[in-house]
Amino acid sequence: MKLRFGMVGGGEGSMIGPVHRLAAQHSGEAELVCGAFSSTPDRSYRSGQRLYQLAAHRCYASYSDMFAKEAALPADKRMNFVVIATPNHLHFPVAMAALAAGFHVVCDKPLTHDFNQAQLLRRRVLDSGLQFAVTYNYSGYAMLQEARDLVSRGSFGSLRRISCEYLQGWLAVDMRTNKQAQWRTDPVRAGSAGCFGDIGSHGYHLMEYVSGLPVTWVCADLSKHVPGRQLDDDGNVLLRFAGGAKGVLSASQVAAGEDNDIQIKVFGELGGFSWRLGEPDILNVRWLSEPNEVRRAKNDAELAPKRSIAGAPDGYLDAFAEIYRRFFAQLKGESHRGFPTIEEGVRGMQFLAAVVRSDEQGATWQPL
């Protein structure tokens, strides 16, 4: 029997909402059955029926209405979990309400509007006993799992250097008439970090994910290049990791001409690796005393994802779907390789708070 899910957000004009729906349904293990798709009832009803072909009575005017009515349905009819695909300022109240109503949650990143909210949400998740996933979707790429396995086996020895670069160019000019740009550059809806909250958070998660090392200190230099912009659109952060490794994370949304490119490099005593989104099923492995390798994902649907969507890199949708597959396995009590949980979400918010604090205090070192 398929899992049933609802969605909050993801209505007309949404970029990430349709991605969540396609990724969740890609495995054939889940189906969208309801939603509160917009902050206005008319748009919510219209989005649910036109975009997602849902029955009118399963399209709700608000998330609170949806949770109350879904919870009252028979167990074999109500949704099993909710997907939160709203601007950042709504993640916390929607997630808290979903947990109170007894629903598992999948939440887009960053977890909340600020670190204090993240800590409160973490306590609520632990108290509820419900499952909570955060869609740091790049960790779903097979060759990054391969890299993580190599590091965890000690193949490269003690790590020394970890670097990540995530570049986009879509905000290189004033985009205040664009719906996605409006909320992502608005501190009231996005939070205190702009570019770093939107894409730098992905890079940070990957650096800790593949290395297995927590960041302990950060030193940030953020910029607002476009006149009138209130949040960072570019920046560089120096990092210190537990165990002595050091690194740098660069993120930009004003890299004119760049579409969506992330790459990560890790080096230890005995070798290292590099991976980039433009060639997602290739892992370049380098050794101190052995010939270098080019490792390729196995030729099957799970390990060599190729499905994509317009404007996104190769394999994006399948990597996103891999996070959902692991979340579904958890709900069904099956074995899996893990997915980003509330802990990674809280950790990401702690990182963003330290980055903003460091920049505001003149690029001073700040602890995590």
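The values are calculated or read from the model by the stated rules, or taken from the named source; none is laboratory data. Since the model is a prediction, treat every value here as computed from it, not as a measurement. With ideal geometry, Cβ positions are generated from the backbone for all residues, glycine too; neighbour counts draw on all protein chains shown.
Observations on the model:
- Condition check for Leu231: within 21 Å of the chain's Cα centre (by Cα), within 25 Å of Pro87 (Cβ to Cβ) and part of a loop (DSSP other than H, G, I, E, B): yes
- Arg240 vs. criteria among the basic types (Lys, Arg), within 20 Å of Gly154 (Cβ to Cβ), in the same structural domain as Leu159 (by TED's automatic domain parsing) and assigned to a strand (DSSP E or B): no
- Any hit, the stretch 201-208, residues being more than 12 Å from Ile162 (Cα to Cα), polar (S, T, N, Q) and assigned to a loop (DSSP other than H, G, I, E, B): no
- Considered as a group, the residues in the stretch 67-101 that are closer than 27 Å to Ala190 by Cα and among the small types (Gly, Ala, Ser) include one that is nearest to the chain's Cα centre (by Cα), and that residue is Ala85.
- Of all residue pairs spaced 6 or more apart or on separate chains, those with beta-carbon atoms under 7 Å, a first member in the stretch 229-246 that is within 13 Å of Gly203 (Cα to Cα) and a second member that is in a strand (DSSP E or B) and among the charged types (D, E, K, R) are Gly235/Asp221; Asn236/Asp221; Leu239/Lys246.
- Exclusive hit being touching a strand residue (DSSP E or B) at 6+ places or on another chain (Cβ under 7 Å), buried (at least 17 other Cβ atoms within 10 Å of the Cβ) and at negative phi, set His225, His202: His202
- Flag if Gln168 is under 22 Å from the mean Cα position of the chain (by Cα), surrounded by fewer than 15 Cβ atoms within 10 Å (Cβ to Cβ) and on the phi < 0 side of the Ramachandran plot: no
- Within the stretch 21-43, the set of residues being assigned to a strand (DSSP E or B) and either closer than 19 Å to Met1 by Cβ or outside the structural domain of Leu54 (by TED's automatic domain parsing) (or both) comprises Ala30, Glu31, Leu32, Val33, Cys34.
- Candidates are the residues of the stretch 104-162 that are closer than 24 Å to Val237 by Cβ and surrounded by fewer than 17 Cβ atoms within 10 Å (Cβ to Cβ); the one that is farthest from the chain's Cα centre (by Cα) is Ser158.
- Checking each residue of the stretch 175-184 against the condition of being modelled with pLDDT of 95 or more, assigned to a helix (DSSP H, G or I) and touching a Phe, Trp or Tyr at 6+ places or on another chain (Cβ under 7 Å) gives no match.
- Only residues that are part of a loop (DSSP other than H, G, I, E, B) and either surrounded by 15 or more Cβ atoms within 10 Å (Cβ to Cβ) or touching a helix residue (DSSP H, G or I) at 6+ places or on another chain (Cβ under 6 Å) (or both) were counted in the stretch 243-267, giving 6.
- Restricting attention to the stretch 19-28, the residues being touching a residue at least 60 places away in the same chain (Cβ under 8 Å) and either hydroxyl-bearing (Ser, Thr, Tyr) or surrounded by fewer than 21 Cβ atoms within 10 Å (Cβ to Cβ) (or both) number 3.
- Counting only residues that are of a type outside the set (Gly, Ala, Ser), surrounded by 20 or more Cβ atoms within 10 Å (Cβ to Cβ) and touching a residue at least 40 places away in the same chain (Cβ under 8 Å), the stretch 59-86 holds 9 of them.
- Positions within the stretch 161-177 being without any contact (Cβ under 8 Å) to a residue 24 or more places away in the chain and either under 15 Å from Asp198 (Cβ atoms) or acidic (Asp, Glu) (or both), in sequence order: Met175
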